[in-house]
Structure formats: C-alpha cells, structure tokens
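Written out below as structure tokens is the structure these notes cover.
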Amino acid sequence: MTLALSRFEQEDIAAGVAANLRSDGRLRTDYRPFTVESGIVSNTSGSARVRLGLTDVLVGVKAEIGEPDQAKPTQGRFEVTVDFSSTSASAAAFDDDNTETELASAIARTLKGVDLSALCIVPGEQCWVIYIDALILVAAGNAYDVLSLAVRAALANTRIPKVEVSDDGHGRVELEVSDDPHHVTELDIRAVPVIVTLSKIGAFHIVDATIEEESCAKSRVHVAVDSKGAFCMVTKASAGGIEPQLLFDALESAKQVGQHLLSQLEATLKQEERALAMFPNSQRGFLTDLQSAT
Amino acid sequence: MSTGTVSHANGSAYLELAGTRVMAAVYGPRENTRAGGLQQFNEQAVLQCDVARAPFASPRDDARIGTDANTSAAAADRQFATSVATALQSSVRLEKYAKSSIDLFVTIIGDDGGALAASINCCTLALADAGIEMNDMVTAASVALAANTNIVLWDPTHLEESRASAIATQALRVSDNLVTLLDQSGESSLKLSVKALEACSSMSVQLHGLMQQTLVSSLLERRKQQLLP
C-alpha cells in the first residue's frame, strides 16, 4: 500500500511534518474525523463500516456454534480473516501478499485479552465462535487503525442468540438456540482495544497517516490501546529503525490518541443508536451517499 | 554461541541459552529463484527468512491437537519469520547485492522462552559468518512483564513467559542506537513498557559485546586450522 512519490513530494511532506503542519493542515497528532455505520449487513450477527478519509472498511461478524480451543475450554473464541476487495487499491497494492495475513493476525492479537467466558455453552465441547470477517473496500492509508475501529464497532453491534442447554437424560446434551430477535446477549467489548499506528517521518512521528505520508515513512509502529490506556500489543512491522527516545514519545502519544479515539467511537455509536431510535426508517447503507447527493 | 556449524551453507551459527536452542544458516547472496523473483529486476537484494520449529521444540502445554492448532502454528511461524527478517533488514546492506536473494533458514531445536530474540541473534551471527556486509550487528532481547507488581523479568523462560501478563521483544542496532524490531503482546501500562524496553536495550548492549567476541574467536580458530591442517 505505497505510492511511488518523487523526491520533491517526499521532502515536502517531511518538511510539513517537521513544522508540525501537515499537507492537509493537521498537527502531527491530529486524527481525521471518521464515520461509522453499524448493522448494515443483514445476514450477520453484527456489522459495521468505518470510513476515514478515503479508506473504507466493512466488517461482518457471525456467531456460530463450534468447539472451543483445547487450551481454553471454558471460553469462546474469535476467528479473524481480512480480505482486500479486488477494487481496493491500485496494482501497487499487490506487491505484498502478506498484508492480509498480517492485518488478520494483528487484529487477532489485540483480541487476546478479551474475556470470552460468556460465550461458553458446554465447557470443553460447545461454545460460540465469533467469526470476524473484514473486507477492505478502499485502502488509502492507515488500514490498521480503521480496521480495528470497524472491528470494535461491529463487535459492539453483535447480538448473540441465547441458548438453552438441556440434558436428555442419557448424558447427551441438547441445545436450543432462541430465534427471538430480542432474546439475545451483547458482547462485553470493554477490553477490545483500538490500534494506533505511528509513522516515523524525519525525526518525528505522526498519527493517522495518509497514503502519501505512509509512502515516505521510514518505519511504523502499531500500538493497541484499550480504554484504560493500557497497551495490549506493540509491534513494529516495517523495516527501518527508530530511536528509543522517539519510540517512548510515540508510545505516549499512542496512549492519548487511542483513548481519545475510543471515547469518540463510543460517542458516535451512541449517537447512531439514538438517531435510529428516533427515525427507525431512515436511509442507511451503501446508497445513502448517492441519494443525498442527488 | 558458535559459528560455522552447517558446513555447506555460506554462513551459519548455533546459539544456546539453557533450554532455548536455535540454529541458523545463511545461503546467499545468490540468484533470486523464488516465484516472481526472476521476472523483476531488483536493485536491492531480497532478504528472506524461513523458520522451522522442531516438533519437540516447545513444552507440551501448547498442545498440537486437531488441524486448527496446526494451521495457527504455521501462521505463527510465518509471523515469526517476518519478524526476524524485519529486524535484520535495515542492518544488512541490501543495496550491495543487486538482483540476488539472501536466504535465512532458522531451526528452533528447543524453545524455553525468548526464541524470537535468540533467532535474531543467531541470524546476525550467521550473516556475519557468511561475510555479508552489515551496518552493524543487530542484537535482540526479550523480557516478561508482570502488570500487577510492575516487575520486568530479563530473559524469561517458557514458564515465566506463560505466566507473565505481557512479553516484549526488541531488536537494537547498538552502534547507532536504533530499534529495528519491537513486538509486545499482552497488556501493560506505558510506564512498564518503557521500563521493559530500556531493560531490553541494556541486554542488547551486553549481547553485542559477547557476539563480537564469539566472531573474533571463531575467526582466530579458523585461521589456526588453516595454518596447521
């Protein structure tokens, strides 16, 4: 996901970062506004679409009954897949086949700390498996952050049917899954973090890099921050070095930006919920932009 | 630590830290024969890394039951290999070896904690043994973090890793003090993370000296053998 930039473009971006005034007028630690729409894919347990700049990510969550992880028999589990839509970016994006698996494993790692004991149905035998399938519709920079926001929003939107477990008297267990749309449980997503990606340009780091800025970043650090401000994952994925002191500063700003992002996401979701309660038949989904434009 | 353990490789090294035993071999610089490698012209060498984990490498508790566990283990190995390559990439002078690939093969014989750091160190030694130009030797170290007591454990064992709230691994290019790889999984606070990374850095500096000594003594050894066959 990089562009080929000329030396002059790169110097221009670096000079902007050094002066704490980026090409779109932001400061180094300013985040662009993002939009969230949740519950927009009908045959899922939960879904969300997050747009930040031109980057556009759709996440669908499906809950299915399956077997728990042998190492954690009393917990449910997550399965994460990430796909780039074939229209997501220019051909330049295809130079790295690893990106999809890297994104998926990063998301899976950030979810490791989440307590899933509520998803256990029969310990060691049956549990809810939460399939998180992300589709990157447009990749135009900062995919990690947008993906993690979309995952959190989709999990917040996820409703899991209640299950009645009964013993048939012969030691066999029968499960009855409720089909009442109101007889559902929500996921406890308080421990789900967001990823803040910091890109090093020159001697400084910036958050929420555009694709141009990403293309001239020397190295990138992904930090997963939860609502308490604790780090759930820190990883530096790209080549190129970073000075320890700059790294510490970066971690500090990741903590602030991450907490801010989480509260912003929370507020956006609440606002959406309220709007839906007031206007249940309002236009939502993929054609709303077109309709409001015409 | 020792170098030159695999005779037919361009360079190789073996590293042992109690129960953690890692072997690395470097093949190259050689013609890039991987898929797509021949079609496109590369001004820089490509650094590739493969990791194989012996089936008996880790203790039994990460059970290998079912196909699910195996596929996720394979994914973890790929991630591991990418991390090793990332750590070393910025140090190897890839621009010196146009059109070629440098292939690193890591075998983890035993994993008693800190396998990633050990693999990176072992690869660095193997690269140096192969005579591949580097800006500096990258050294890596890992720590285990305990969130409730604010303790940072240096070079943890597998048991300590499994009980810690977080594990951090950092690779450092010692001469110009640049972090080339950073990887922390598990929960920790800002303060604790910073403390952990500082601990990793000071371990890296110590390791750097040790690795230099190993290289020098292996060279001296080799010269002696050549003079007195």
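The values are calculated or read from the model by the stated rules, or taken from the named source; none is laboratory data. Remember, it's a predicted structure, so these values are computed and weren't measured experimentally. Ideal geometry is used to build each Cβ from the backbone, glycine not excepted, and the neighbour counts take in all protein chains shown. Note: areas computed on protein heavy atoms with side chains; ligands, DNA, RNA excluded. Shrake-Rupley method; radii C 1.70, N 1.55, O 1.52, S 1.80 Å.
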I need to check one value: relative contact order of the range A:7-281, counting alpha carbon pairs closer than 8 Å and at least 6 residues apart, in percent.
19 percent
Gain in length, residue A:100 to residue A:8, computed as 0.36 nm per residue apart minus the alpha-carbon separation, to one decimal in nm?
30.0 nm
Looking only at A:103, A:276, A:21, which one moves most when chain A is put into a Gaussian network model with springs between Cα atoms under 10 Å?
A:276
Please give the peptides A:258-265, A:221-228 ranked by average Cβ packing (other Cβ atoms within 10 Å per residue), highest first, as a rough proxy for protection.
A:221-228, A:258-265
Estimated dipole of the protein assembly as shown in Debye, rounded to 20 [Cβ of Lys and Arg +1, of Asp and Glu -1, Cα centre]
1220 debye
Where labels lie 7 Å past Cα in the beta-carbon direction, separation of residue A:30 and residue A:18 in nm:
2.1 nm
Over all residues in A:33-45, what is the mean tally of Cβ atoms on other chains that come within 10 Å of each residue's Cβ?
0
Can you give me the orientation-averaged projected area of the convex hull built on the Cα atoms of chain B, in nm²?
14.2 nm²
In the Gaussian network model of chain A, springs joining C-alpha atoms below 10 Å, which of A:267, A:254, A:217 carries the largest mean-square fluctuation?
A:267
Exercise: per-residue mean of other protein chain Cβ atoms within 10 Å, B:196-205
1
FRET efficiency (residue A:168, residue A:81; Cβ distance; R0 45 Å; to 0.05) is 0.80
Net charge dipole size for the range B:75-181 [Lys, Arg +1 and Asp, Glu -1 on Cβ; Debye, nearest 20]
280 debye
To the nearest 100 Å², how much accessible surface do chains A and B hide from each other in total, with a 1.4 Å probe?
2200 Å²
Computing the accessible area with a 1.4 Å probe over protein heavy atoms, can you report the carbon and sulfur percentage for chain B?
53 percent
If the only charges are +1 at each Lys and Arg Cβ and -1 at each Asp and Glu Cβ, what is the size of the charge dipole of chain A around the Cα centre, to the nearest 20 debye?
860 debye
The range A:184-271: relative contact order in percent, alpha carbon pairs under 8 Å with at least 6 residues between
29 percent
Residue-normalised 222 nm signal for chain B, counting each DSSP H run of n ≥ 4 as -39,500 (n - 2.57), nearest 500 deg cm²/dmol, is -12500 deg cm²/dmol
Taking every residue in A:226-233, how many Cβ atoms of other protein chains lie within 10 Å of its Cβ, on average?
5
For the range A:156-280, just list the percent of Cα-Cα distances falling in each 5 Å bin from zero outward, please.
2, 10, 14, 14, 12, 10, 9, 8, 7, 6, 4, 2, 1, 0
Relative to the isolated chain, which residues of the range A:248-270 have their accessible area cut by 40 Å² or more in the presence of all protein chains (1.4 Å probe, heavy atoms, no ligands or nucleic acids)?
A:248
For chain A, what is the calculated [θ] at 222 nm in deg cm²/dmol (nearest 500), taking -39500 (n - 2.57) for each run of four or more DSSP H residues and dividing by its residue count?
-9500 deg cm²/dmol
Evaluate the distance, in nm, between pseudo-label points positioned 7 Å from the Cα of residue B:56 and of residue B:8 along their respective Cα→Cβ axes.
2.4 nm
Tail fraction, Cα-Cα pairs, the range B:141-197, threshold 20 Å, whole percent:
20 percent
Given the options A:140, A:19, A:48, state which has the largest fluctuation in a GNM of chain A using a 10 Å cut-off (strictly under) for Cα springs.
A:19
Once the Cα atoms of helix A:7-18 and of chain A are each reduced to a long axis, what angle between those two axes, in degrees from 0 to 90 to the nearest 10, is obtained?
80 degrees
In a solvent-free Debye calculation with one equal scatterer on each Cα, what is log10 I(q)/I(0) for the protein assembly as shown at q = 0.09, 0.11 Å⁻¹, listed in the order of the q values?
-0.70, -1.02
With R₀ set to 35 angstrom, the calculated FRET efficiency between the beta-carbons of residue A:112 and residue B:135, to the nearest 0.05, is 0.50
How much of the calculated P(r) for chain A lies past 31 Å, in percent of all Cα pairs?
33 percent
Tell me the per residue accessible area of the protein assembly as shown using a 1.4 Å probe; a whole number in Å² is fine.
48 Å²
